[in-house]
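Here's the structure, in structure tokens; my notes come after.
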Amino acid sequence: MDLHGRSFLTLLDYTPQEIEYLITLSVQLKEKKKKGIRGESLLGKNIALIFEKPSTRTRCAFTVAASDEGGIPTYLAGNELQLGHKETIEDTARVLGRMFDGIEFRGFRQDYVEALAKYSGVPVWNGLTDAFHPTQVLADLMTVLEVFGKLKGIRFVFAGDGRNNVANSLMIGCSKLGVDFVNIAPKELWPQEDLIEKCKGFAKESGSEITISADTNEVKGADVIYTDVWASMGEEAKVAERIALLKPYQVNASLMEKTGRKDTIFLHCLPAVKGNEVTEDVFESDISYVFDEAENRLHTIKAVMVSTLGDMTKI
Ligand code: CP
Ligand code: NVA
């Protein structure tokens, strides 16, 4: 599989085979890291990490992944760049593309990360926008694969803010890889209709199903229960409104009970607001794989960078 020179902006741009390849490569890179072997696939590559929003996992994963493979990451705080104040995204992109070999962008607008890719001429990786969080979903699916040994036929339930970046990207990733995706949310927070329709098309191809419902009984039979914060970065003013809307969708012992299973696992992209979208007892329980999932951000982000920018003979 040759992904050299590609950007990674949304899973919509990747075929099921390409996504599977990235997950398989992530598993290999994880094994290599556990053996203490470093690679040189990104040797001498300068990598810009632009963050308009805060980050722990994504920033650290890009930084460590780059240096594990010989790359040189440079952190650029969005508010310390000229971007958006004096300079357009197109101009910033053309400047950074003259200096860096690859660019990660976390921010608000999806059209910014798209413009960076279009005008920089180097691979650009989406580290989260308001619309999508594609690297997160690679780690989520990798974690499911590690636990269950398969993806096809898994019943993956997302409960909470069903129209945020993570829920959108999960719906795309699951529908492309044959995972049955159930999105449980109040109607006000359902994903956009055009995205649902696109994903139904992917699901048809992969032999999976998409269910969007306000009914929490849909957790029945779930292999995975996943949630995310009720107010994403940039939506802090909406916290009270969201708490009122989403209280019935909290992942707690009684929701887990409704699965009718004992082996359902809990996932969360993190950071978690315990007491809102998930209770402390579920978060800390044996069925919670959130820290494996967080670790897998490193291996999956490394897979994205080495396959699109690196020398694959030197991983
Ligand atoms: N899950 C995730 O993207 O975490 P950070 O915001 O800490 O990067
Ligand atoms: N939906 C969350 C994800 C954080 C990783 C947010 O955008 O804040």
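The values are calculated or read from the model by the stated rules, or taken from the named source; none is laboratory data. In this text, all values refer to a predicted model and were calculated from it rather than measured experimentally. Positions of Cβ are generated from backbone atoms using ideal geometry, with glycine treated the same way; all protein chains shown enter the neighbour counts.
Residues that are in a helix (DSSP H, G or I), in contact with a strand residue (DSSP E or B) (Cβ under 6 Å, 6 or more places away or on another chain) and within 29 Å of Ser254 (Cα to Cα) within segment 275-315 comprise Glu280, Val282, Phe283, Val290, Glu293, listed in sequence order.
Entry remark, segment 58-112: residues being more than 16 Å from ligand 1 (Cβ to nearest atom) and in a helix (DSSP H, G or I) number 17 in total.
Yes/no matrix, rows are residues, columns are (1) within 16 Å of ligand 1 (Cβ to nearest atom); (2) surrounded by fewer than 22 Cβ atoms within 10 Å (Cβ to Cβ); (3) at pLDDT 95 or above; (4) of a type in the set (Phe, Trp, Tyr):
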position: Leu189; (1), (2), (3), (4): no, yes, yes, no
position: Asp194; (1), (2), (3), (4): no, yes, yes, no
position: Gly207; (1), (2), (3), (4): no, yes, yes, no
position: Thr216; (1), (2), (3), (4): no, yes, yes, no
position: Val219; (1), (2), (3), (4): no, no, yes, no
position: Trp230; (1), (2), (3), (4): yes, no, yes, yes
position: Ala237; (1), (2), (3), (4): no, yes, yes, no
position: Ala244; (1), (2), (3), (4): no, yes, yes, no
position: Val251; (1), (2), (3), (4): no, no, yes, no
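You will find that of Leu138, Leu145, Leu116, the residue that is under 24 Å from Gly310 (Cβ atoms), of a type outside the set (S, T, N, Q) and within 16 Å of ligand 1 (Cβ to nearest atom) is Leu138 and no other.
If you check Phe100 against the conditions, is it within 16 Å of ligand 2 (Cβ to nearest atom), modelled with pLDDT of 95 or more and aromatic (Phe, Trp, Tyr)?
Details: within 16 Å of ligand 2 (Cβ to nearest atom): no; modelled with pLDDT of 95 or more: yes; aromatic (Phe, Trp, Tyr): yes.
Criteria not met by Phe100.
Whenever a residue of segment 42-63 is closer than 17 Å to Val306 by Cβ and touching a residue at least 60 places away in the same chain (Cβ under 8 Å), its partners that are among the basic types (Lys, Arg) and more than 8 Å from ligand 1 (Cβ to nearest atom), lying with C-beta atoms within less than 8 angstrom and at least six residues away or across chains, give the pairs Leu43/Lys314; Ala61/Lys302. Screening the candidates Lys30, Lys34 for the property of being farther than 18 Å from Thr308 by Cβ, more than 16 Å from ligand 2 (Cβ to nearest atom) and within 18 Å of the chain's Cα centre (by Cα) yields one hit, Lys30.
Taking segment 116-162 as the range and being part of a helix (DSSP H, G or I), surrounded by fewer than 21 Cβ atoms within 10 Å (Cβ to Cβ) and either among the small types (Gly, Ala, Ser) or under 14 Å from the mean Cα position of the chain (by Cα) (or both) as the test, no residue passes.
Yes/no per residue for (1) among the aliphatic types (A, V, I, L, M); (2) assigned to a helix (DSSP H, G or I):
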residue	(1), (2)
Gly201	no, yes
Glu205	no, yes
Ile212	yes, no
Gly221	no, no
Val239	yes, yes
Leu246	yes, yes
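Considering only residues in segment 1-46 that are β-branched (Val, Ile, Thr) and not in a helix (DSSP H, G or I), the one that is surrounded by the fewest Cβ atoms within 10 Å (Cβ to Cβ) turns out to be Ile37.
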